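K.L.:
One structure, as structure tokens, below. Some questions next.
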Amino acid sequence: MYESKQTNCPKLKAVIAGDVRLQKLKKTFENKYGESPLFYASAPGRVNLIGEHIDYCGYSVLPMAIEQSILAAVSVNQSGSIQLANTNPQYKDFTLPCAGDIHIDRENPHWFYYFLCGVKGIQEHCGLSDVAGMRCVLDGTIPPSSGLASSSAMVCCAGLATMEANHELLSKVELAEICAKCERYIGTEGGGMDQSISFLAERGTAKLIAFDPLRSTNVKLPDDAVFVISNSCVEMNKAASSHFNVRVVECRIAAKMLGKARGLDCSRLWKLAQVQTELNTSLEEMLSLVDEVLHPEAYSREEVCEALGVTSQELCSRLLSANTQHVTHFKLYQRAKHVYGEAARVLRFKSVCESGCSDAVAVLGELMNQSHASCRDLYECSCPQLDQLVDVCLQSGSLGSRLTGAGWGGCAVSIVTREKAKSFLQAVREAFYLADPRRSAEEKHSLFVSQPGGGALISVE
Ligand code: GLA
């Protein structure tokens, strides 16, 4: 008889009958393991509407969950091992013992390491010496390496499944925080947006996610706005390159430089938002401070060391991460400009949604356009194909389009009025996908309307 401690937490637990995807996964599970799953764990991907690369600087972001998710069928046993399989034959089976330290190989970010991050996160948080044995089959519908947080959804799904299999009881906020932290085992120093929206999402509403402490507020999107996701078809696996962590480091150094210039104790400053809090000032004033203190030319290591009064060795051990030790120059001015400007746009976006004004869709579109320009020019996290896609979207009737997620490839998100949605989809289809044979094969999964979906869930039949 299946019993779960989650029964008094209805929002994390559901009884699902007749779900086609779940039934198909159940069959795959039964064929593979010769037994039925005990429960299912699912975690959605997300599209970030605005607020890019600012969560790890301590600023609020504004994502919504998408329908696409990672779904796991799970059985629990005393075998002393965790067996993982994936419905996608590209992703090979993997088995690991429950006893001992879980090793995550950062050099080879295979699919199952994301799952293991989630297992390790729960194991450590709950102080479990050995986790329960599990058999899992995973099924993913989020396009990988596309900026829609498929890897975080895998980590969240694993965290949730491990919690349930070990009869632990954690809140959604705790789960989000654990999963944000444990995904860093794979090497990327993300800020927590993806894991937070995966757990805290609610159908029908976008969320403002704020950090330190983690909390979320509903943001009702205008009724006449439709959000369309389109994939540039350029894959970007952020754990396989250092782009992402270089930005994290640049923001960290910029925070210390700004704080130092204003006489703050910069040994305690790690995030650009902390500088604003300590100075008790506005985002506009922070933008002026960046102009005043930082110069647009990239900073050399020597200049950073001198300005912060640290040795080269201290820079390497305290400020640079494992895969950013090679970086010789840091664009502090541009990165800080982006972060403070983008943080202000997020707040504007939320207040426009709340205002109910008649031209809300156009104003939101303009904010999204500004966000893309800032990501492209100041944060340098776009790529030519993504810029081309954004241009095609704007020419096809979108009121605002921008890259979403980490960038350097992956998806764009566009805001379109409801009446224009159909013609927009057709125009983008023709101009971006059908015009290029390498993209036309992918078109079906690459261009779709997205509504705010629900959050992670444990379900039983
Ligand atoms: C990735 C990270 C997030 C966030 C975005 C960029 O998705 O996991 O924490 O930093 O990139 O906004």
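Each value in this text was obtained by applying a stated rule to the coordinates, not by laboratory testing. Fair warning: this is a prediction, and the values are worked out from it, not measured in the lab. Glycine gets a Cβ as well: all are built from the backbone with ideal geometry, and neighbour counts include every protein chain shown.
K.L.:
Relative contact order, percent, of the chain when contacts are C-alpha pairs under 8 Å separated by at least 6 residues?
P.N.:
In percent, rounded to a whole number, it is 23.
K.L.:
Considering all projection directions equally, how large on average is the shadow of the alpha-carbon convex hull of the stretch 187-236, in square nanometres?
P.N.:
Orientation-averaged projected area of the Cα hull: 5.2 nm².
K.L.:
May I ask for the net charge around GLY192, where only other residues with Cβ less than 15 Å from the Cβ of GLY192 are counted and Lys, Arg are +1 while Asp, Glu are -1?
P.N.:
Taking every other residue near GLY192 into account, the sum is 0.
K.L.:
Here is a further query. Filter the GluC sites (Glu not before Pro) in the stretch 420-460 down to the DSSP loop ones having no more than 15 other Cβ atoms within 10 Å, then list what survives.
P.N.:
Those that pass, being in a loop and sparsely packed, are GLU442.
K.L.:
Could I have the simple spin-label model distance between ARG21 and HIS295, label points 7 Å from Cα toward Cβ, reported in nm to one decimal?
P.N.:
Simple spin-label model gives 5.3 nm for this pair.
K.L.:
So, one more: Taking the Cα centre as origin and putting +1 on Lys and Arg beta-carbons and -1 on Asp and Glu beta-carbons, what dipole magnitude results for the stretch 25-116, to the nearest 20 debye?
P.N.:
That gives a dipole near 260 debye.
K.L.:
While we're here: Please compute the modelled spin-label separation between LYS422 and ASN108, points set 7 Å along Cα→Cβ, answer in nm with one decimal.
P.N.:
Result for the modelled spin labels: 5.1 nm.
K.L.:
How large are Rg and Dmax for the stretch 1-148 when only the alpha carbon atoms are used, in Å?
P.N.:
Final numbers for Rg and Dmax: 16.7, 48 Å.
K.L.:
Which three extents, in angstrom, do the Cα atoms of the stretch 28-102 have along their principal axes, listed largest first?
P.N.:
46, 31, 25
K.L.:
Within the stretch 145-287, how many lysine pairs that are 8 or more places apart, or on different chains, have C-alpha atoms less than 27 Å apart?
P.N.:
Value for the stretch 145-287: 16.
K.L.:
Ratio of the stretch 172-295's C-alpha Rg to 2.2 N^0.38 Å, to two decimals?
P.N.:
Numbers: Rg = 17.5 Å, N = 124, 2.2 N^0.38 = 13.7 Å.
Compactness ratio reported: 1.28.
K.L.:
Can you check how the C-alpha radius of gyration of the stretch 339-461 compares to 2.2 N^0.38 Å, as a plain ratio?
P.N.:
Numbers: Rg = 15.8 Å, N = 123, 2.2 N^0.38 = 13.7 Å.
The reported ratio for this selection is 1.15.
K.L.:
If I take every Cα pair under 8 Å that is 6 or more residues apart in the stretch 59-115, average their sequence separation and divide by the length, what percent do I get for the relative contact order?
P.N.:
23
K.L.:
Also, I was wondering about something else. Calculate the radius of gyration of the Cα atoms of the stretch 223-294 to one decimal place, then report Dmax, the largest Cα-Cα distance, as a whole number, both in Å.
P.N.:
Taking only Cα atoms of the stretch 223-294, I get Rg and Dmax of 17.2, 48 Å.
K.L.:
Can I ask one more? Name the longest site-free stretch of the chain, where the excluded sites are trypsin sites (Lys or Arg not before Pro) in a DSSP loop with no more than 13 other beta-carbon atoms within 10 Å. Working shown, then result.
P.N.:
On the way: sites that count: LYS92, ARG203, LYS220.
Counting at most 13 other Cβ atoms within 10 Å as exposed, the longest clean stretch of the chain is 221-461.
K.L.:
Still on this structure: Please report, for the Cα atoms of the stretch 75-122, the Rg to one decimal and the Dmax as a whole number; what are they, in angstrom?
P.N.:
When restricted to Cα atoms, the stretch 75-122 yields Rg and Dmax of 11.1, 31 Å.
K.L.:
In addition: Mind listing which GluC sites (Glu not before Pro) in the stretch 65-172 are in a DSSP loop and have 11 or fewer other Cβ atoms within 10 Å? It would help to have the intermediate numbers written out before the result.
P.N.:
Working: sites: GLU67, GLU107, GLU124, GLU164, GLU168; in loops: GLU107, GLU168.
Those satisfying the criteria are GLU107.
K.L.:
Out of the DSSP beta bridges found with both residues in the stretch 82-156, what percent are antiparallel (nearest 5)?
P.N.:
40
K.L.:
Can I ask one more? Name the chymotrypsin sites (Phe, Trp or Tyr not before Pro) in the stretch 75-140 that are in a loop by DSSP and that have at most 10 other C-beta atoms within 10 Å, would you?
P.N.:
Passing both the DSSP loop test and the Cβ count: no residue.
K.L.:
Which shape class applies to the stretch 132-187: rounded if a/c is under 1.5, otherwise prolate when a/b exceeds b/c and oblate if not, where a ≥ b ≥ c are the square roots of the Cα gyration tensor eigenvalues?
P.N.:
Details: a/c = 2.02, a/b = 1.33, b/c = 1.52.
Oblate, because a/c is 1.5 or more while a/b does not exceed b/c.
K.L.:
Hey, could you get me the Stokes-Einstein D for the stretch 105-223, Kirkwood radius over alpha-carbon pairs, 37 °C and 0.692 mPa s, rounded to whole µm² s⁻¹?
P.N.:
220
K.L.:
Where q = 0.12, 0.14 Å⁻¹, what log10 of I(q)/I(0) comes from the Debye formula for the chain, counting one point per Cα?
P.N.:
The calculated log intensity ratios at q = 0.12, 0.14 Å⁻¹ are -1.05, -1.35.
K.L.:
Need one number: nm distance between label points at LEU394 and SER288, each 7 Å from Cα along Cα→Cβ, rounded to one decimal.
P.N.:
That separation, rounded to one decimal, is 3.0 nm.
K.L.:
Follow-up. Under a point-charge model restricted to the Cβ atoms of Lys and Arg (+1) and Asp and Glu (-1), what is the dipole moment magnitude of the chain relative to its Cα centre, in debye to the nearest 20? Let's see the in-between values first.
P.N.:
On the way: 45 positive and 52 negative charges, 131 e Å.
I would put it at about 620 debye.
K.L.:
Please report the equivalent ellipsoid semi-axes of the stretch 281-418, computed as sqrt(5 x eigenvalue) of the Cα gyration tensor, largest first, in whole Å.
P.N.:
Those come to 34, 19, 11 Å.
K.L.:
Treating only the Cα positions of the stretch 356-409 as identical point scatterers, give the base-10 log of I(q)/I(0) from the Debye formula at each q in 0.26, 0.28 Å⁻¹.
P.N.:
Taken in order of the listed q values, log10 I(q)/I(0) reads -0.98, -1.08.
K.L.:
Would you mind getting the Kirkwood hydrodynamic radius of the stretch 229-358 from its Cα pairs, rounded to one decimal in Å? Please report the intermediate quantities before stating the final value.
P.N.:
Values: mean 1/r = 0.0619 Å⁻¹.
Hydrodynamic radius (Kirkwood, Cα only) of the stretch 229-358 equals 16.2 Å.
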